[in-house]
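The values are calculated or read from the model by the stated rules, or taken from the named source; none is laboratory data. Please read all numbers here as calculations on a predicted model, not as lab measurements. In this analysis, Cβ positions are derived from the backbone assuming ideal geometry, glycine residues included, and neighbour counts consider all displayed protein chains. Just the protein is used for accessible areas: all its heavy atoms, side chains included, with ligands, DNA and RNA removed. Shrake-Rupley method; radii C 1.70, N 1.55, O 1.52, S 1.80 Å.
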Amino acid sequence: MSARAPDRMQIMTELVNETEVSLLECKVCFEKYSQKKKHRPKNLPCGHVICLECVFSLAHPRSFRLECPFCRRACKSSETSDCLPLLHLIEILSPATNIPLASGTTTGAGDEAAVSASLGLTFNLSFGGWGTLINPTGIAMCRRSDCVVVAHDGKKRIKLFGLSGSCMQQFGERGDAGNDIKYPLDVTVTLDGHVVVTDSGDHSVKVFDFNGRGKLIIRESFCLPWGLDTTPENEIILSDPEAGALSRLTANFRKGELKKVQKIQSNLCHPREVAVSQTSGIIAVIEHLIAKEPNYSSTRVKIFSADMKLIGQMDSFGLNLVFPSKIYATALAFDREGHIIVADAYNQVVLCLGKPEEFPVLRPIITHGLSYPVALTYTANNSLIVLDSGDHSIKIYTAS
């Protein structure tokens, strides 16, 4: 048996060498794939794989369209995605202690422990419950007043809670009057303390002050306004799944004056949930693919820079390659360090997908105690707040 060991070693060495030449090399520029941004392997919609640099080189500078160099199928650069099987193969064949990930991080035990420590969360408090909240759909944090703002299906559509769970204010009657709210889908709070709600009942966006006084109603030509979040410039990013678009709303909320509604991204597939990083302005959105029913659909997370250039994307299939079960993303947020945090309603977990420059790096951060998480937000001290529609509650997890 021992005499055969050198032969087996030689065979393995030859197999690794052949793998590196056949699989781990871009067939356009003949550079080796790596986990670094420049030569990261990217899937084309046709199934062929080339490196990211070649995607940019082949894409038209204005339309961003390119043809597959192998089968000539046309696509957009935004339709490419990370080839996770090759990325994992690179990781396996690289030295275990020096595998480059992104931004100089490695997979060494010390770095993984540091990442886990930075994302460590401990359950702290739960409040709400049936009756206090009814089928909640959206949540936001007002950092000026440390209030948690929730949209739900109760008689008063908007409720404001302190971080201890006490109800401080509620407003937004269910009805047909101008400032009533029929069917709220999501909520955000502007930097100057105004509550902004999407109302699917009359396809509008409504702005209130903290006392519940209506300040502005924006109807424009929305098909179905859904998710929204506030930018560092105090603008609103709004998703419209029926139009397949993202829009930017600019207004003087204090005076109730709308300045501009600008469509900033189109040709998306049923975009619903949206989040904006308060440090970088980076925008994340969840697209819902194939069908509207969660039992039959899949989701895709797309990350855009503040000027709406696509940074990365990952669909349920790609995430399934690194997670043992089907993932259905239902909410997302950015933490204080800029990590992309996603709620998965199928597995009742909350996951970290890493920072935009290393996206996607999947790490579970909450694995039990959730029923059907539908919205996420963060407090000023980086505590995570989960809106759980399954038991109509708000759950707060503090940083360890």
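If you filter the range 332-344 down to residues that are out of contact with any Lys or Arg (no Cβ under 9 Å at 6 or more places or on another chain) and over 14 Å from VAL301 (Cβ atoms), you find that the one that is least open to solvent (accessible area, probe 1.4 Å) is ASP335. Here ASN347 meets each of (1) modelled with pLDDT under 85; (2) farther than 26 Å from ILE396 by Cα with one exception, condition (2).
The strands (runs of 3 or more DSSP E) found entirely in the range 192-288 that carry 2 or more residues being among the β-branched types (Val, Ile, Thr) and under 15 Å from PHE304 (Cβ atoms) are 271-276. Selection over the range 59-83 of residues that are at pLDDT below 80 and not in a loop (DSSP other than H, G, I, E, B) gives a count of 1. Scanning the range 251-269 for residues being without any contact (Cβ under 8 Å) to a residue 60 or more places away in the chain and open to solvent by less than 60 Å² (accessible area, probe 1.4 Å) gives a total of 9.
Report whether or not PRO271 is modelled with pLDDT of 95 or more, over 18 Å from GLN313 (Cβ atoms) and of a type outside the set (S, T, N, Q).
no
Suppose we keep only residues that are more than 26 Å from the chain's Cα centre (by Cα) and surrounded by 13 or more Cβ atoms within 10 Å (Cβ to Cβ) within the range 49-73. Which one would you say is farthest from GLN265 (Cα to Cα)?
PHE70
Is one or more of the residues making up the range 202-222 within 19 Å of the chain's Cα centre (by Cα), among the β-branched types (Val, Ile, Thr), within 19 Å of VAL150 (Cα to Cα) and at pLDDT 95 or above? For the range 202-222, residues within 19 Å of the chain's Cα centre (by Cα), among the β-branched types (Val, Ile, Thr), within 19 Å of VAL150 (Cα to Cα) and at pLDDT 95 or above: absent. Within the range 147-159, the set of residues being open to solvent by less than 70 Å² (accessible area, probe 1.4 Å) and either assigned to a strand (DSSP E or B) or farther than 22 Å from SER239 by Cα (or both) comprises CYS147, VAL148, VAL149, VAL150, ALA151, GLY154, LYS156, ARG157, ILE158, LYS159. Quick one: in the range 276-319, which of the residues that are under 12 Å from the mean Cα position of the chain (by Cα) and of a type in the set (Ser, Thr, Tyr) is modelled with the lowest pLDDT? So, considering only residues that are under 12 Å from the mean Cα position of the chain (by Cα) and of a type in the set (Ser, Thr, Tyr), the one modelled with the lowest pLDDT is THR299.
Could you run through the range 364-377 and say how many residues are in contact (Cβ under 8 Å) with a residue 60 or more places away in the chain and more than 14 Å from the chain's Cα centre (by Cα)?
Step one: filter the range 364-377 for residues in contact (Cβ under 8 Å) with a residue 60 or more places away in the chain, giving 365-366, 369, 374-377.
If we keep only those that are more than 14 Å from the chain's Cα centre (by Cα) too, we end up with 365-366, 369.
Number of matching residues: 3.
In the range 199-220, the residues that are free of Cβ contacts under 8 Å to residues at least 60 places away in the same chain and over 14 Å from GLU173 (Cβ atoms) reach residues that are open to solvent by 20 Å² or more (accessible area, probe 1.4 Å) and hydroxyl-bearing (Ser, Thr, Tyr) with C-beta atoms within less than 7 angstrom, at least six apart or across chains, in these pairs: SER200/TYR183.
Here the condition is being free of Cβ contacts under 8 Å to residues at least 40 places away in the same chain and open to solvent by less than 30 Å² (accessible area, probe 1.4 Å); of GLY178, GLY162, it holds for GLY162 alone.
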